[in-house]
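The values are calculated or read from the model by the stated rules, or taken from the named source; none is laboratory data. Since we're looking at a predicted model, the values are computed, not measured. Glycine gets a Cβ as well: all are built from the backbone with ideal geometry, and neighbour counts include every protein chain shown.
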């Protein structure tokens, strides 16, 4: 089978998908190599098991940190630094906050109504002309108002559509966070369980294993 470069490029992402399994297996293999070498003393085996147990317990902190980061909470290190920074005996520079006042003006629409009069000495003809002009002016005002109403309705519809899409995006993000919280830490728990298991075996059976590798 000929292996081309495209398959070689796809190999690395495939290996990265199982990075947590590789991490767990690598640590266990290193611990077993250290503990089960020929003529390994019992304390070395026991301490190796203890280190694995401590690493397994450390995965609990790892999982909690992942969950906090998922919901945007600061890390334990950041909280510790902030807490130490509030130590009462430490000298801190005074910070003066200056707040500005922002004034906003609401601009409304002003519409002028034009009324055509019949003139100083009105006749029937001038009155009819004035009425016709007023009717045309009213039609123009109604058409303009209709355009403005249609434009406002279009803006409202676009705003509602954008709000709907934004809410859907937020709902999907919340669902993703809930799924990640419920199932995303399984790989970390599996790593911790495997390290704890091997660590307990090495610590408990250190005497027997030391006799075995003599």
Sole residue being surrounded by 10 or more Cβ atoms within 10 Å (Cβ to Cβ), within 30 Å of residue 68 (Cα to Cα) and free of Cβ contacts under 8 Å to residues at least 40 places away in the same chain, chosen from 141, 152, 171, 158: 171
Residue 99: passes all of (1) surrounded by fewer than 15 Cβ atoms within 10 Å (Cβ to Cβ); (2) over 17 Å from residue 203 (Cβ atoms); (3) at pLDDT 80 or above but (3)
Restricting to the stretch 54-90, name every residue that is in contact with a helix residue (DSSP H, G or I) (Cβ under 9 Å, 6 or more places away or on another chain), farther than 22 Å from residue 193 by Cβ and surrounded by 11 or more Cβ atoms within 10 Å (Cβ to Cβ). 73, 74, 75, 76
Checking the structure you have, find out if any residue of the stretch 28-38 is under 41 Å from the mean Cα position of the chain (by Cα), under 30 Å from residue 179 (Cβ atoms), surrounded by 13 or more Cβ atoms within 10 Å (Cβ to Cβ) and modelled with pLDDT of 90 or more. yes
Condition (residue is in contact with a helix residue (DSSP H, G or I) (Cβ under 9 Å, 6 or more places away or on another chain), part of a loop (DSSP other than H, G, I, E, B), at pLDDT below 80 and surrounded by fewer than 12 Cβ atoms within 10 Å (Cβ to Cβ)) applied to the stretch 4-24: is it met by at least one residue? no
Entirely in the stretch 114-214, the helices (runs of 4 or more DSSP H) that have 3 or more residues that are within 30 Å of residue 42 (Cβ to Cβ) and at pLDDT below 85: none
Say whether the condition of being under 23 Å from residue 208 (Cα atoms), assigned to a helix (DSSP H, G or I) and free of Cβ contacts under 8 Å to residues at least 24 places away in the same chain is met by at least one residue in the stretch 64-78. no
May I ask you to list pairs of residues, at least six apart or on different chains, whose Cβ atoms are under 8 Å apart, with the first in the stretch 20-49 being on the phi < 0 side of the Ramachandran plot and free of Cβ contacts under 8 Å to residues at least 24 places away in the same chain and the second being loosely packed, with under 13 Cβ neighbours inside 10 Å and in a helix (DSSP H, G or I)? 22/15
